[in-house]
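Let me begin by presenting the structure, written as structure tokens, before commenting on it.
What follows is calculated from the coordinates using simple rules that are stated; it is not laboratory data. Predicted, not measured: the structure shown is a model, and the values here were computed from it. Note: ideal-geometry Cβ built from the backbone for every residue, glycine included; neighbour counts use all protein chains shown.
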Amino acid sequence: MTEQANAPGTPAESDRTSVNRDTWDRWADLNFESEFYDVGAFKGGRCSLDHIERAGVGDVAGKRLLHLQCHFGMDTLSWARLGATVTGIDFSPRAIERARLLAEELGIDARFVLCAVEDAPSCVHGEAEFDVVYTSYGAISWLPDLGPWARTVAHFLKPGGRFFVVDHHPTVWIFDDVDPTPGLRYRYPYFGREPVRDEQQGNYADPSAPGISVSYSWQHTFEDIVGSLLAAGLRITELREYDRVAWSWFEWMERDEDGLWRMPPQTGDIPLMFSIKATKD
């Protein structure tokens, strides 16, 4: 069940963050064991990054890379396999524990730091600046305010360095993703500022998993996303929109041979994903 969390008695922002942290602690174990993430294939050498991520970030050999909201580190370790010196941060203790154990098991040199995005400047020590700062699918919607996120990016990105983000497009948030009838039905305001409360069995990686998960997420407009990066002093060098997405947002979507998901012809054409490249002068 998904609803706007604006009713009386709604938890304060700090309480919602605590609910999300507990949920992601549980999901770290659930996701690690899921077919969706296929950790077994990753251990066997599969790269978890798709062609959009790899092309967007570019060559990382010999580069220092910071991965924001890294979950249990599979993508972070994929960048390490491609030659980067990697640091991943996440606010979930269990996710960071899983990431460290996975790196140790695979013999990959990586650093994982338990820390919220907004606290990273005071938590991540050692390298003051990174050649690459990266974040991807399903990350920024868990942040109530993108200002601290963008300032963290600017803080760690060295002059001339590369920032890359790819995520779902803000437009897809306004449509109902629960109605089983193929087609698009407007449900949420695009300019909504209230968090969305979601209560579901299992999660996106394994809907059949036992237990109910509660989480809060936030809609961010394109103005929010781009504006926060500009306000932090970054220079945007590329902005792209895509008619496909990395996961099946709507259950009636069709998978392409490139592994991404598109809308079937009869349901209309909307932007499903975006990516941004930026740098710091």
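A full extension of the chain between THR171 and VAL19 corresponds to an added length of 52.1 nm, given 0.36 nm per residue minus the alpha carbon distance.
Once both axes come from the Cα atoms, what is the angle between helix 13-32 and the longest principal axis of the chain, in degrees from 0 to 90, rounded to 10? That helix lies at roughly 80 degrees to the long axis.
What order, most packed first, do the peptides 52-61, 94-103, 70-79 have when packing is the mean number of other Cβ atoms within 10 Å of each residue? Could you put the intermediate results ahead of the total?
Values: 52-61: 16.1, 94-103: 20.8, 70-79: 25.4.
Descending mean neighbour count gives 70-79, 94-103, 52-61.
In the chain, helical runs assigned H by DSSP with n ≥ 4 each contribute -39500 (n - 2.57); averaged across all residues and rounded to the nearest 500, the mean residue ellipticity at 222 nm is -8000 deg cm²/dmol.
Taking every alpha-carbon pair under 8 Å whose residues sit at least 6 apart, segment 1-115 reaches a relative contact order of 24 percent. Relative to the longest principal axis of the Cα atoms of the chain, the long axis of helix 222-231 makes an angle of roughly 30 degrees.
Run the reach check for LYS43 against lysines, Cα to Cα strictly under 25 Å, same-chain hits fewer than 8 apart removed. What comes back? List returned: LYS63.
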